[in-house]
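The values are calculated or read from the model by the stated rules, or taken from the named source; none is laboratory data. Everything quoted here is computed from the prediction, not taken from an experiment. Reconstructed Cβ throughout: ideal geometry from the backbone, glycine too, with neighbour counts over all protein chains shown. Keep in mind that these areas ignore ligands, DNA and RNA; they rest on the heavy atoms of the full protein, side chains included. Shrake-Rupley method; radii C 1.70, N 1.55, O 1.52, S 1.80 Å.
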Amino acid sequence: MTGDKLDWIFDESASLAPKYDEWASTYDTDHDQWGWRGPDVVASAVLERLGTAARNDTIIDAGCGTGKAGIALRAAGWTGRIVGLDLSQGMLDQALATGVYDDVACCSLTDVPLGAASAAAVVSSGVFTHGHVGGEAFGELCRITRTDGFVAITQRVDLADAFAPFSDALVEANEWVELNRTAPTNLHTGRGDDVRQSVITWQVR
């Protein structure tokens, strides 16, 4: 691992999983220095939508990494199950070490080994970005969320046009409806760049 770590991770010349395995032990330290707020904002986005009756249900953290969103959900009072999904076993090992996940699975978000309507909500932060999973994963996130449940993601606004056909197709098919899209903001305030992301929340039909 050399140079800027985000440039390194976005480089599509090598597979993602081994790179994240290598980065896992220092990932949190780096992101804390960068002021990464993605996990907190997606956790807040779904918890403000879920009523108290859902608190014994399941939230799936798609692309959970080291478990920051799971920690944010627990800190905000979520008492139900949390299931983490990630392509990197090294990242999943770090997530399990937090003690907040009830189960994890090493998988691609385009092929999730869970049944339909498995969760009240899905959160995903830092995943819909350069060189990672594309909008083709939206169908899986929708599938594993129960009717009237919620999906909340961070999405880089400079890639919005690439993702839009996939999310729009699900809207047109009445699979989900967009509830909110926040104004673009910098969620990595400590990096000194101005990469902006929105938090998008959908409700599954």
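Dipole size of the stretch 86-205 about its Cα centre, with +1 on Lys/Arg Cβ and -1 on Asp/Glu Cβ: approximately 240 debye, rounded to the nearest 20. Per-residue 3J(HN,Hα) values for the stretch 78-87, derived from phi via the Karplus relation 6.51 cos²θ - 1.76 cosθ + 1.60 with θ = phi - 60°, read 5, 10, x, 6, 10, 10, x, 10, 7, 6 Hz in sequence order (x marks Gly and Pro). Computed in the context of the full set of protein chains, the accessible area of the chain at 1.4 Å probe radius has 47% of its extent on carbon or sulfur. Net charge within 12 Å of E140 by Cβ-Cβ distance, Lys/Arg positive one each and Asp/Glu negative one each, not counting E140 itself? Its environment carries a net charge of -2.
Using the 1.4 Å probe convention, the accessible area of the chain works out to 44 Å² per residue with neighbouring protein chains retained. What percentage of all Cα-Cα pairs in the stretch 19-76 are separated by more than 15 Å? Cα-Cα pairs in the stretch 19-76 separated by more than 15 Å: 53 percent.
Note on the chain: with charges restricted to the Cβ of Lys and Arg (+1) and Asp and Glu (-1), its dipole about the Cα centre is near 680 debye. Mean projection of the Cα convex hull over all viewing directions, computed for the stretch 151-205: 3.8 nm². A Cα-only calculation for the chain places Rg and Dmax at 15.7, 48 Å. Since only L73, P39, T29 are under comparison, the one whose Cα sits farthest along the positive direction of the charge dipole of the stretch 22-88, derived from C-beta charges on Lys, Arg, Asp and Glu, is L73.
Using bins of 5 Å that start at zero, the share of Cα-Cα pairs per bin across the stretch 96-205 amounts to 2, 11, 21, 24, 19, 14, 7, 2, 0, in whole %.
Along the stretch 33-40 the Karplus relation, 6.51 cos²θ - 1.76 cosθ + 1.60 evaluated at θ = phi - 60°, assigns HN-Hα couplings of 5, 7, x, 5, 10, x, x, 5 Hz to successive residues, with x for each Gly and Pro.
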